Amino acid sequence: MDKKIVFIFGCQRSGTTALLKSLGGLGSVKAFPEARSTLCSKDVRQGLKLNPLDEVEDKVRSVSEDTVIIKPLVQSHYAADIMDFFAGSSSAIWMFRNYADVVASMLVKWPGIDKNSHLLPLFKNNKTSNMGFRDAYPAEVVEKAEILYESNPTKEEVCGMFWYARNSLYFKQRLSERKRVFLVGYDQFISQPPVSERLLKNVGIKIREGFVSENFNSNSFGKGEQVKNRIRQSIKEDLDSMYQRLVSESDMNHA
């Protein structure tokens, strides 16, 4: 294929929409919206899941732009399979964000979150769920989700475990071993514009100097610190450990 395809994966509320919209403003880029795009026309319920990949490929070939951005976030557990299908023409960004800010953002966006909506799917094998399914996750994540489900968790704990589970998919799929998959921390991305711009160029996206500073700001940093007060210490330790692992392996460290 003569197009460059950049996929955006990760956990919800991690800055992926801001990235998609900003990249979509570049003249040489076609950014398909996450929801209800022509790439997801067969998902009649929510319009979030990609059509069969051969149909996605045909649609990508038909656009005039050289670079195409696609954000199949709810299918992040299939990131490796999607990358394999488009081998040779694709790159991917797996974006993560501080869990406390993600939890706070989730509770504002979806105040009705509970353990049935965001924990139960993690240990049930319902392969139609947008949350993923039991076999997609590492066994230790499934076990943690099951234990938490039975322990009368707070909404903050539910969201925290969801964040933990979704980011564990990066490691479960061994995406760090793929040269064209870039692990990017949202906070680092915004606070280090020159590094971020070098990374985007490494991904294969042509941007001008100053692009990151013009399109992103740090206003959302640290707004979730208060949610930690409603997360048990043992769970916070797991979340902190996952976040530190993500930061330590981020491609921002050597862009």
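The numbers here are math on the coordinates, done by the rules we state, and not lab data. Computed from a prediction, not measured in an experiment: that's the story for all the values here. All Cβ positions, even for glycine, are placed from backbone atoms using ideal geometry, and neighbour counts span all protein chains on display.
For this structure, a couple of remarks:
- Cross-link partners of LYS109 among aspartates and glutamates (Cα-Cα below 14 Å; sequence separation of 8 or more within a chain): ASP101, GLU156
- Remark: spin-label model distance SER213-TRP110 equals 3.7 nm, labels positioned 7 Å along the Cα→Cβ axis.
- Surrounding net charge for VAL142, when Lys and Arg each add one and Asp and Glu each subtract one, Cβ distance under 14 Å: -1
- Candidate lysines - alpha carbon under 27 Å from LYS115, same-chain residues fewer than 8 apart omitted: LYS49, LYS71, LYS124, LYS127, LYS144, LYS155, LYS172, LYS223, LYS228, LYS236
- Degrees between helix 233-249 axis and first principal axis of the chain (Cα, 0 to 90, nearest 10): 20
- Extension gain, ALA139 to SER151, is 2.4 nm, computed as 0.36 nm per intervening residue step minus the present C-alpha separation.
- Annotation: amide H of ILE69 within the under-5 Å range of VAL6, LYS30, ALA31, PHE32, sequence separation 5 or more or interchain, hydrogens built in the peptide plane.
- For the residues ARG180, ARG245, ARG13, a GNM of the chain with alpha-carbon springs under 10 Å puts the largest fluctuation on ARG245.
- Sequentially through region 67-84, phi angles give Karplus couplings (6.51, -1.76, 1.60; θ = phi - 60°) of 10, 10, 10, 10, 10, x, 4, 5, 10, 4, 6, 10, 3, 4, 5, 5, 5, 5 Hz, Gly and Pro residues having no value and appearing as x.
- Annotation: amide H-H contacts under 5 Å for ARG97 (H modelled 1.01 Å from N, sequence separation of 5 or more, or interchain): TYR186.
- Using θ = phi - 60° in the Karplus curve 6.51 cos²θ - 1.76 cosθ + 1.60, the 3J(HN,Hα) couplings for region 95-106 round to 9, 10, 8, 3, 4, 5, 5, 5, 4, 4, 5, 4 Hz; x is entered for Gly and Pro.
- Dimensions of the chain based on its C-alpha atoms, expressed as ranges along the principal axes with the largest first, amount to 52, 38, 32 Å.
- For GLY224, residues with placed amide H under 5 Å, excluding near neighbours: ASP101
- Hz values of 3J(HN,Hα) by residue in region 40-57 - Karplus curve (6.51, -1.76, 1.60), Gly and Pro given as x: 10, 5, 8, 8, 6, 6, 10, x, 10, 8, 5, 5, x, 5, 5, 6, 4, 4
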